[in-house]
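*Asks:* This is the structure I have questions about; it appears just below.
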Amino acid sequence: MELINDYSKESIEEVEEKQIKRRKPRRKVISIDEIRMRKRHNRDSANHNDYGNEGFLLMIFYYLGCTLTLRKIKKEGKNQKLKIESIKYEDIEILSREVIEKDIEDSKLLNNSNEKTRTKRIMVNIIIDNTMLDILKNQFGFVFDQTVKKKPEKEFMPQRWILAHIKLEKDWTMKEIIEEGSKFYNNIKLFGKDKEVIQLSKDIVSKHIEKILQKTKSIDNTNESESYYLSV
């Protein structure tokens with residue numbers, strides 16, 4: 001009888017030990033405010049990365065001597081991108097938003113989409129950024145590493161590629177690309193702060209700086225009249 005009791009006692013202890021091991025640690029309870037804050041942080045981080053990557057591509061085209069045409073949108077704020085309307089090189093249009101939008105319409109891909117306007121806007125932006133990479137690689141001979149940003153929302157949408165690494169006068173890592181691109185994008189906005197449509201090229205900036213210097217020279221040669229910096 002004692003042997004049976006001892007055996008039963010050991011069996012119960014083993015079962016209890018196994019149950020304890022199987023128990024998962026309790027998850028920390030997260031408040032709704034914390035969830036919202038995390039989502040906002042992730043969204044802000046993603047927007048900053050997109051903003052910087054696109055800004056870096058625009059910077060390369062600018063220093064290649066291209067003319068950039070960008071349009072402000074109604075929604076403004078930190079890391080809010082501009083609409084890239086066109087890029088010209090030696091008066092030849094090498095990228096056009098209008099052409100891309102027409103190609104999407106002609107493809108009939110959006111006929112069955114319930115969110116046609118939003119989907120089209122996303123597709124246009126993806127294709128513009130992908131096209132900038134293709135132009136730099138195929139027409140200007142740049143060599144760089146690129147990576148897929150994320151899987152597209154819908155099967156018919158293209159993957160979005162971003163610049164991951166490029167060697168110019170120095171090696172640019174993805175983090176450096178994003179930070180430098182963000183600075184350049186901010187400078188574009190400051191340069192065109194009073195304009196709905198911003199045209200930017202080395203020649204345009206050079207003439208603008210010359211005009212500013214002529215105005216300020218008679219007042220005070222040592223004062224800086226502009227808070228942005230775009231080198232030519």
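*Asks:* Between Glu101 and Gln139, what is the FRET efficiency for a Förster distance of 25 Å, r being their Cβ-Cβ separation, to the nearest 0.05?
*Replies:* Approximately 0.70, to the nearest 0.05.
*Asks:* Please give the FRET efficiency for Lys74 paired with Ser45, using the beta carbon to beta carbon distance and R0 = 30 Å, rounded to the nearest 0.05.
*Replies:* 0.80
*Asks:* Next up: Please give the length that would be gained between Asp171 and Asp194 if that part of the chain were fully extended, namely 0.36 nm times their separation in residues minus their C-alpha to C-alpha distance (nm, one decimal).
*Replies:* Gain on stretching Asp171 to Asp194: 4.8 nm.
*Asks:* Using the Karplus curve 6.51 cos²θ - 1.76 cosθ + 1.60 with θ = phi - 60°, work out ³J(HN,Hα) for each residue of region 73-83 in order, rounded to whole Hz, and write x for Gly and Pro.
*Replies:* 10, 4, 6, 10, x, 5, 6, 8, 6, 8, 7
*Asks:* Pop the C-beta distance of His208 and Lys154 into the FRET formula with R0 = 35 Å and round what comes out to the nearest 0.05.
*Replies:* It comes out at approximately 0.25.
Every number here is computed from the coordinates shown, using simple stated rules; none is lab data. What you see is a predicted model; the values in this text were computed from it and never measured. Glycine also receives a Cβ, built like all others from the backbone with ideal geometry; neighbour counts cover every protein chain displayed.
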